[in-house]
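What follows is one structure encoded as structure tokens, with my remarks underneath.
Please treat every number below as a calculation from the coordinates, not as lab data. Predicted, not measured: the structure shown is a model, and the values here were computed from it. Here Cβ is always computed from backbone atoms with ideal geometry, including for glycine, and neighbour counts include all displayed protein chains.
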Amino acid sequence: MSGPKIVIVKSEAQLQRERERSLSDLARSSARWRELLEKSGELSADKIAVMESRVKALAEQFKLNHELALNEIAKEIQFLQSDIENARGKAIEKRAHQLAVEIRHKRLGKNAAAQANAEAADLKELLGAPQRREGKAPGVSEEGSTYKVDNELLGDLSQELSPTPMVSNNSETLDADSTQPDKRLTLLLAQIQLFEAHESEKFSRRLEAIEAEVEADLSRRRLLTDSLVLDMARFCKEQKQIEEVRQILLAARAALEGVAAETCAAILEKTDKILKAAGLVNLAEAQKVKAEAEETRRSFFAQKDARDKRKAILESFAAIGYEVTESMSTAWAKDGRIILAKAGCPDEGVEIAAAEGVERLQVRAVAMVAKGKQHNVSRDVEIETKWCSSFDKLRQDLAQKGQHTTIATALPIGSAPLKVCESQVWMKDELGADSDEEEARADAPRRQSRSIGE
């Protein structure tokens, strides 16, 4: 089909940048995956081997299907993020359970010791009367006129009075003696110990201080625990936001790879300043910087790619027999479209149009009509058929120049009437001269065209 069509044009340089950036994003995500799974205790040699094999396979996929490889890498990055969250959740739950067991054991031990001391005091009081001559009470020795309880016996008594430790996973279930710790506390402390180890000691000390208050009533313990939980929750939220900002800014820096230094210097300075800032950073500010970096990248490469594509496309049209002048690239960039006449075929031409980045190229055959002449409609199908052959040659020539084309949409031959353009001969280039040499050649007649009625 060589009716009107839209063609996606990508240069080899564009494809290379897309490959490099996609693989860079994957490498950054993989590194974060390894780091966090290692902290979670979920990383294994088998998982590492599978990941490395997967990354290698995705890199090879680019040789077979570029767009498919981009999509597969995007999915892989999403999977890694999901796997990180799953591993984090499992690790936090596991460590929280361990903390709950430790705290409960300590509380039970203290309760048992307190109960044993009370039992011992009662025993001592009961044995306070003079002993009978036939013997002493078990576990009691005489020193002068006083009696004391044998420590070994108290130890056995304490062991007998200590119930078997039981830990429930239900955070709403509390024993009557409140030996079951607050699950909010254990989950938050577990998260800090696993992923913010450098800050865990201060929170652990506060918990130990709370637990050390054996004589404190339950209401005071709960008050102190609530205060600790709030502080840990606030800390975890801040650390999560700081890490999120860091990842956003690292992505912003990655977006600027390959951009001219003078173009992105100000953004890089902002990025580095925020990364080095201590404390909580505004998330919206980081997102704004990243958006600015992405737009800078898009604009920088769009201008460069557009120049290269216009040059390659016009050279390829000239190679397959269309009349091209040096000034046409400037006219195309200015107006967004241009009409080329077929050399030796006065009634055949082609219109090409594209936006700023020349990412999507619109092409269609047009009928060229001399001023004052009538358009021969019967030639329309023949003109489009001949353009069909020319279009195939155009794509081949562009491919040799490193410009890859993909047809996005196309209409069949004869499905739409040809656009009619008036051809004229000018004594001087209507579109202007690009150089002194161009100006010097401007007196030579050149075929130009314009759409009738425009």
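Sorting T271, T385, T330 by the number of Cβ atoms found within 10 Å of their own Cβ, with the fewest placed first, yields T385, T330, T271.
The H on the amide N of K419, modeled in the peptide plane, is under 5 Å from the matching H of A367, each at least 5 residues off or on a different chain. Judged by the ratio a/c of the largest to the smallest principal axis of the C-alpha gyration tensor, segment 33-81 counts as oblate, that ratio being 1.5 or greater while a/b is no larger than b/c. Add +1 for every Lys or Arg and -1 for every Asp or Glu among the other residues with Cβ under 10 Å from the Cβ of R21, and state the total. Every neighbour counted, the sum reads -1. The packing ranking of peptides 369-380, 201-212, highest mean first, is 201-212, 369-380, where packing means the average number of other beta carbon atoms within 10 angstrom of each residue. In this structure, the pairs whose alpha-carbon distance is over 18 Å, taken from K10/K56; K237/K270; K10/K288; K39/K94, are K10/K56; K237/K270; K10/K288.
Residue by residue, segment 240-257 carries 3J(HN,Hα) couplings of 5, 5, 4, 5, 4, 4, 4, 5, 5, 6, 5, 5, 5, 5, 4, 5, 8, 5 Hz when phi is fed to the Karplus relation 6.51 cos²θ - 1.76 cosθ + 1.60 (θ = phi - 60°); x denotes Gly or Pro. Residue exposure proxy: L43, L189, ordered by other Cβ atoms within 10 angstrom of their Cβ from fewest to most, comes out as L43, L189. Sorted from longest to shortest, the spans of the Cα atoms of segment 277-366 along the three principal axes equal 72, 20, 18 Å. Under 5 Å between amide hydrogens, built in the peptide plane, is the criterion, and for E348 it picks out K342, M368 among residues at least 5 positions away or on other chains. Couplings 3J(HN,Hα) for segment 341-353, derived from phi with the Karplus relation 6.51 cos²θ - 1.76 cosθ + 1.60 (θ = phi - 60°), are 9, 7, 4, x, 10, x, 9, 10, x, 9, 9, 10, 8 Hz, where x marks Gly and Pro.
In this structure, the pairs whose alpha-carbon distance is over 20 Å, taken from K5/K371; K342/K419; K90/K183; K240/K290, are K5/K371.
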